[in-house]
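See structure below.
Just so you know, all these numbers are worked out from the coordinates, no wet-lab data involved. Just so we're clear, the structure is a prediction, and the values are computed from it rather than from any experiment. Note that we place each Cβ from the backbone using ideal geometry, even for glycine, and neighbour counts take in every protein chain shown.
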Amino acid sequence: MTSASAISLPEGFAAAPVKNSGLPPRIQTALRARGITTLGQLSQPPPDCEKLSGDDRAWLARVAGYVRHLDGKKTPPPLHLSEWLQLFLPPRQVEILETHFGLRPANDRPVWRASTLQQTGARFGITRERVRQLLRDARATLRRPLPLWAAGPIFHAMENALQAVGGVMDTAQLERQESAAWAGYVPIGVFHGLADLQPERVGIYRGFFSLFPSTLLDRAERALQDRLRRAGRLLSIAEIAGQLPAKAQPPPPYSAEPLIQMLARHIPGMLATVDGRVGLAARDGAELLGEILLTTGEANLRTLQAELNARLLPESQRGSGYIRDTLQRAPRIRRTAPGRYELSGGIQTSLPL
């Protein structure tokens, strides 16, 4: 038997109270009755707590075994997300989390989506309030010091993925992400689950994930909109980033350009082009349509819609109603026939400008 003093946990963990393990109060009560009050003492073989259920004894054995095999490690042994959840949570809560956050691919989910409380409850035959309670209990467990320390490599993998693309990432980018840290799980579900668990490390803003605090993102969004309103035209992302106020700039070593592009793609009422320009949809669509007509000459509505959307990032693409309204308000564009348009004065070129 290993003595409590022989175990080498991260500094301060050995003397920390057993509640830091994340084990529920009923198991902690059984441990205190056997004289076990610290994490270091969990390095001993777990006592036979007859009053605990078989599931609780298995739960205690998993956590105690993890503590016992740390063996002087100063950094947590790598676990993938499924292993981490199964280590610190009972199977029922793991299944609830997997379903609620869409962690596992399923036949009825050709694309990722999270489940509502009601949908999760229907899957398991329980009420939405019971799902809420189980999710609350799971969060409370996973936010205890030992589980959070054990999850270090998983959170680092998420942060590294975000750092590699400038600190911001949306679901379209996440679909292409792979990592051993979340093997077998859908990356979008992983990010949603981890952001829910520790929003101070990775937040969700307008549907994308970010390493930056929401206060900075709010300031950057306001600065972007103000700059576009003052300019009165499409601006390049590089131009906007270069004039962003210091208080709205991401911290070093991050550039403002990925953040500006991400905001432009996800703020309603904006246009973001594939060539790195940003504008206001209510005003600047006419500029893009004029550029198209300058190249194509007279064109019908369907052609203009296809050409415009080819110049816009997917989140900014527009329907025929927007094209028609914009054309009617554009002073430099006139209708030549029903559904056909050209630049006033017949200005056009067949060559790229």
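Once the Cα atoms of helix 301-311 and of the chain are each reduced to a long axis, what angle between those two axes, in degrees from 0 to 90 to the nearest 10, is obtained?
50 degrees
At a Förster radius of 30 Å, what calculated FRET efficiency corresponds to the Cβ-Cβ distance of Q225 and Q163, to the nearest 0.05? Could the numbers behind the result be given before it?
Values: r = 27 Å, r/R0 = 0.89.
Computed FRET efficiency for Q225 and Q163: 0.65.
Which distance in nm do the two modelled labels at K19 and S82 give, with both placed 7 Å along the Cα-to-Cβ direction?
3.4 nm
For segment 196-283, what does the alpha-carbon gyration tensor say about shape, rounded, prolate or oblate, given a ≥ b ≥ c as the root eigenvalues, a/c under 1.5 as rounded, and a/b over b/c as prolate?
Values: a/c = 2.03, a/b = 1.59, b/c = 1.28.
Prolate, because a/c is 1.5 or more and a/b exceeds b/c.
Size of segment 15-86 along its principal axes in angstrom, Cα-based, largest extent first?
33, 26, 18
Could you work out Rg/(2.2 N^0.38 Å) for segment 143-239, with Rg from alpha carbons only?
Numbers: Rg = 16.0 Å, N = 97, 2.2 N^0.38 = 12.5 Å.
Its radius of gyration relative to the 2.2 N^0.38 Å reference: 1.28.
How many Å³ per residue does the convex hull of the Cα positions in segment 75-197 occupy?
Convex hull of Cα atoms, per residue: 103 Å³.
Summarise the long-distance tail of P(r) for the chain by giving the % of C-alpha pairs beyond 34 Å.
Of the Cα pairs, 46 percent sit more than 34 Å apart.
Identify, among S53, I260, G297, the residue whose Cα sits farthest towards the positive end of the charge dipole of the chain, taking +1 on the Cβ of Lys and Arg and -1 on the Cβ of Asp and Glu, with the dipole about the Cα centre.
The Cα lying farthest towards the positive end belongs to S53.
Any chance you could tell me what percent of the C-alpha pair distances in segment 282-346 go past 15 Å?
Working: 849 of 2080 pairs.
Of all Cα-Cα pairs in segment 282-346, 41 percent lie more than 15 Å apart.
Give me D for segment 47-144 in µm² s⁻¹, whole number, from Stokes-Einstein with Rh from the Kirkwood sum over alpha-carbon pairs, 25 °C and 0.890 mPa s.
Numbers: Rh = 15.3 Å.
Value of D from the Cα-based Kirkwood radius: 161 µm²/s.
Given only helices, namely DSSP H runs of n ≥ 4 each adding -39500 (n - 2.57), what is the per-residue ellipticity at 222 nm of the chain, to the nearest 500 deg cm²/dmol? If you can, show how the numbers build up before the last one.
Working: 16 runs with 170 residues, N = 353.
The helix-only estimate for the chain comes to -14500 deg cm²/dmol at 222 nm.
Got a sec? Charge dipole of segment 75-197, +1 on Cβ for Lys and Arg, -1 for Asp and Glu; which of T116, A157, G184 is way out at the positive end?
T116
Can you put T99, T295, T215 in order of Cβ neighbours within 10 angstrom, beginning with the fewest? Mind dumping the intermediate values first?
Details: T99 20, T295 15, T215 10.
Arranged by neighbour count, lowest to highest, T99, T295, T215 become T215, T295, T99.
So how strong a dipole does segment 93-231 carry about its Cα centre when Lys and Arg Cβ are +1 and Asp and Glu Cβ are -1, to the nearest 20 debye? Working shown, then result.
Details: 19 positive and 14 negative charges, 81 e Å.
That gives a dipole near 380 debye.
Between P245, P338, P187, where does the largest GNM mean-square fluctuation fall for the chain, given springs only between Cα atoms within less than 10 Å?
Looking only at P245, P338, P187, the biggest GNM fluctuation is shown by P338.
Ranking S179, S53 by Cβ neighbours within 10 Å, fewest first, what do you get?
Working: S179 17, S53 12.
Neighbour counts put them in this order, fewest first: S53, S179.
In whole Å, what are the extents of segment 203-353 along the principal axes defined by its C-alpha atoms, from largest to smallest?
52, 25, 24
Give me the dipole magnitude in Debye, nearest 20, for the chain about the Cα centre, with unit charges on the beta carbon: positive for Lys and Arg, negative for Asp and Glu. Walk me through the numbers before you get to the answer.
Details: 44 positive and 32 negative charges, 169 e Å.
It works out to roughly 820 debye.
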